[in-house]
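What follows is a set of notes on a single structure, which appears directly below.
The values are calculated or read from the model by the stated rules, or taken from the named source; none is laboratory data. Not measured: the values here are computed from a predicted model. Here the Cβ positions follow ideal geometry from the backbone for every residue, glycine too, while neighbour counts run over all protein chains shown. Areas reflect the complete protein model, heavy atoms only, side chains present, ligands, DNA and RNA absent. Shrake-Rupley method; radii C 1.70, N 1.55, O 1.52, S 1.80 Å.
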Amino acid sequence: MSNTNVSTDKRKTSSLFWLILPAFFLLKYTRVVPQTGELLLVIATLAGFIILFEYSLQVNGNRLLACIIAAAMTGILWAPYNAGAAAFVMVGVGMCQRLENTRAACTALSIVCAILLMANAALELPFDFLLPALLFCIPVGLVSILLEKNSQTDVQLFMKHEEIANKARLAERERISRDIHDVLGHTLSVIVLKADLARKLINNDLGACAHELIDIEHSARNILREVRTTVHNCRTNSVNAELNAAKKNLQAAGVNMTALIEQCSIPPSLENVIALALREAVTNIIRHAGASKCKITLSSDAKNIRFTIADDGTVQANRAIRKGCGLSGMTERIHALKGSINLHQANGLSIVISLPVKGAA
């Protein structure tokens, strides 16, 4: 059920409650039979009051304040003839809850009390009318205002929770999208590379061709397994495993890889991001760089972990790098962990990633 429907249902229930109160106005006539003129006035008053109450549900601001005053005046005008008319005053103060804010509601409640006191000073209202009107006016008004404010707070909290839940769903979809891109993009690039190599070897070296086809089969099985675990959020990437895979895949592409890896303790969340960044960078080198060498370094200090991957590819120094899904996903992951990523174009491309150790889990 939406918050709008909940609010509407509560308002209907509240309306029915307030419309019951004028029944006290009719208690007098369970003991006294009214004359024809008074009976017609009673019917007209009740009909008019119902119309006024329904109108008050559709308006706000000054119009609603006018409805509140009209309800109070209805009770005051009937006070000399029917003490039960105090119910109209109480319904009037109950309308205060629907004003736009608490300050306006309390101001309207004060106006009703002031009107009662001035009317009593001018007309000397009957005690059996004035006592319940004043005795219940302020408590009923304040309680109804507080209940309405609490209802509005509940609706706002509901909306906030819905907003947070929606953002969480979107963030999870984006995470899964990035992870699937990294898995598919990297492994499919390797499969394409090996398939192309197998095609070239099929007429010259059947043994090497068969070896490449076996690697393609293994890569396809691996990607199927990784997609399944990614969808179920069970995949954790190891930097060492990615380094081994990177060396093998770069070698197949004719790229010589050197790695300078400092032995350090890396939190799992950071290791996952570094491993995915390494995978994406290697994929881009194989696809686009035209490089012959690649150097990977990983170091750390008390505050940060620094990861660099550089190649000697053909990226032009004055040409802007177009960020696709891979680089964009890499950047989003790093920024989510309060880290930084910088791309340098000089004799190839260098990607420098810095991630803070503090706060990582």
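Structure notes:
- Unique residue being open to solvent by 50 Å² or more (accessible area, probe 1.4 Å) and either under 24 Å from the mean Cα position of the chain (by Cα) or at pLDDT 85 or above (or both) when the list is N318, N347, N342: N342
- Residue count, the stretch 33-55 (criterion: modelled with pLDDT of 85 or more and open to solvent by less than 70 Å² (accessible area, probe 1.4 Å)): 11
- Filtering the stretch 282-295 to residues that are at pLDDT 85 or above and more than 12 Å from D312 (Cα to Cα) leaves only V282.
- The stretch 68-88, subset of a type outside the set (A, V, I, L, M) and open to solvent by 10 Å² or more (accessible area, probe 1.4 Å), residue farthest from A104 (Cα to Cα): Y81
- Hey, I214 loosely packed, with under 15 Cβ neighbours inside 10 Å, farther than 26 Å from G290 by Cβ, at pLDDT below 70 and not acidic (D, E) or not: no
- Of all residues making up the stretch 254-297, the number that are farther than 16 Å from A310 by Cα and not in a helix (DSSP H, G or I): 6
- Every condition in (1) at pLDDT 85 or above; (2) in a helix (DSSP H, G or I); (3) surrounded by 14 or more Cβ atoms within 10 Å (Cβ to Cβ) holds for L117 except the one numbered (3).
- Among residues of the stretch 105-140, those that are of a type in the set (D, E) and within 41 Å of the chain's Cα centre (by Cα), counted: 0
- Selected residue [assigned to a helix (DSSP H, G or I) and open to solvent by 70 Å² or more (accessible area, probe 1.4 Å)] from L27, L65, L19: L27
- In a residue-by-residue description of the stretch 258-272, the property of being closer than 25 Å to A195 by Cα and touching a Leu at 6+ places or on another chain (Cβ under 7 Å) applies to no position.
- Test: residue in the stretch 169-182 that is assigned to a helix (DSSP H, G or I), at pLDDT 80 or above, within 38 Å of the chain's Cα centre (by Cα) and of a type in the set (A, V, I, L, M): no
- Looking at V93, V89, just one residue is part of a helix (DSSP H, G or I), under 22 Å from Q58 (Cβ atoms), at pLDDT 85 or above and in contact with a Gly (Cβ under 8 Å, 6 or more places away or on another chain), and that residue is V89.
- Test: A241 is modelled with pLDDT of 80 or more, under 28 Å from V357 (Cα atoms), of a type in the set (G, A, S) and open to solvent by 50 Å² or more (accessible area, probe 1.4 Å): yes
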